[in-house]
Amino acid sequence: MRLPTASLLVLAASAIVAGCGLLPGLDPPSSGPLVTVETRGGHCRVGPCGGTVVIERDGRVHATAPEPAELGTLPDHLRRGLEQAVRSADFARLRARPFTGECPVNFDGQEQVYTFTTASGPVRLASCEVEIDPSDPLFVAVQGALEALPQRL
């Protein structure tokens, strides 16, 4: 059976788009953490406060700063939910709402910086740069994952 040239072009374009991870429902890349959450600013007894928590693709959660520490492993349903939230997030919409207030780090508050590893590369959302909506499914999934840890942050 011979396919018309137009059909071959559509198949080739679909394969290229799928290979780039641009079709909904495709898994994010298998390398790199799923999410990194950095908290910075504030004032602690020993100087500035802050820390970094990494959620790996296999569900392992660990701190990399201020001290390395194992925090636990996400249950499969939470890990899968977080993966789906990252996969289906509309990052253009999330970036479109700039933060217009005064960054809390200017008065001993804290800023959160989320870095999501996506099929098209890392996406960084900092709370002093964009308005973070805690009710957005992406941030609900991140918060749910962090709250499920045996060691609370």
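The values are calculated or read from the model by the stated rules, or taken from the named source; none is laboratory data. Keep in mind the model is a prediction, meaning the values are calculated, not measured. All Cβ positions, glycine included, derive from the backbone under ideal geometry; neighbour counts span all protein chains shown.
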Please note which strands (runs of 3 or more DSSP E) are completely contained in the stretch 1-113 and include at least 1 residues that are charged (D, E, K, R) and modelled with pLDDT of 85 or more. 35-44, 60-65, 69-73
Against the condition touching a Leu at 6+ places or on another chain (Cβ under 9 Å) and charged (D, E, K, R), how does residue 95 come out, does it pass? yes
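In the stretch 73-108, which residues are among the small types (Gly, Ala, Ser), surrounded by fewer than 14 Cβ atoms within 10 Å (Cβ to Cβ) and in contact (Cβ under 8 Å) with a residue 60 or more places away in the chain?
Taking the stretch 73-108 first, the residues among the small types (Gly, Ala, Ser) are 81, 85, 88-89, 92, 96, 101.
In the following step, the residues that additionally are surrounded by fewer than 14 Cβ atoms within 10 Å (Cβ to Cβ) were identified as 88, 92, 96, 101.
Scanning the stretch 73-108 gives a single hit, 88.
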